[in-house]
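The structure under discussion appears below in the form of structure tokens.
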Amino acid sequence: MTILVATDGSSNAERAVAYASRLAKKIGENLLIVHVTPTLPTTKENMIQLLKEELGSPEESGMKYLRKAQTIAQKEGVKAEAKLLKGSPAEEILREADKGYELIVLGHHGKGKVHELLIGGVASKVVHLSKIPVLVVK
């Protein structure tokens with residue numbers, strides 16, 4: 001079983017990474033950690049610039065989240081690959097899962113209201129649309 005775990009840098013996502021890492025170690029399987037930087041609408045340039053200034057560079061933040069998640073996995077005794085994706089988080093997680101993963105692990109809630117407004121309830125979308133089992137960690 002190959003496990004796909006998604007992180008957005010939240011404490012719930014970090015718990016999901018730790019849980020997925022322990023599970024991967026127990027069953028001797030691979031772990032891929034992904035972070036998806038959401039694409040922002042391009043029609044409101046001032047709004048986009050304001051959000052970027054408020055939230056920082058999505059790619060830099062994503063790489064920071066992935067490095068932290070890999071550190072968590074290493075502490076659990078698992079070497080994990082990391083992959084930065086871009087697009088709609090739920091869609092990209094599902095697209096990556098279609099490449100042969102057998103389980104998706106996600107945190108229950110993500111970063112907060114701004115992120116939720118931008119990307120919606122990622123865990124909920126993935127649970128409802130996934131073709132493979134999804135484990136939601138609280």
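Below is a table of values for the structure above.
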| item | result |
| --- | --- |
| Scope segment 92-106; condition crowded, with 16+ Cβ neighbours inside 10 Å and of a type in the set (D, E, K, R); matching residues | Glu92, Glu96 |
| Ser21, sole failed condition from (1) touching an Asp or Glu at 6+ places or on another chain (Cβ under 6 Å); (2) among the polar types (S, T, N, Q); (3) modelled with pLDDT under 95 | (3) |
| Selection within segment 10-37 - surrounded by fewer than 19 Cβ atoms within 10 Å (Cβ to Cβ), farther than 12 Å from Val137 by Cα and not polar (S, T, N, Q) | Arg22, Lys25, Lys26, Ile27, Gly28, Glu29 |
| Any hit, segment 75-95, residues being modelled with pLDDT of 85 or more, more than 22 Å from Thr2 (Cα to Cα) and out of contact with any Asp or Glu (no Cβ under 7 Å at 6 or more places or on another chain) | yes |
| Flag if Lys138 is among the charged types (D, E, K, R), closer than 14 Å to Glu14 by Cα and at pLDDT below 95 | yes |
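The values are calculated or read from the model by the stated rules, or taken from the named source; none is laboratory data. It should be emphasised that the depicted structure is a prediction, and the values quoted were computed from it without experimental measurement. Every residue, glycine as well, gets a Cβ built from its backbone with ideal geometry; the counts of neighbours run over all protein chains shown.
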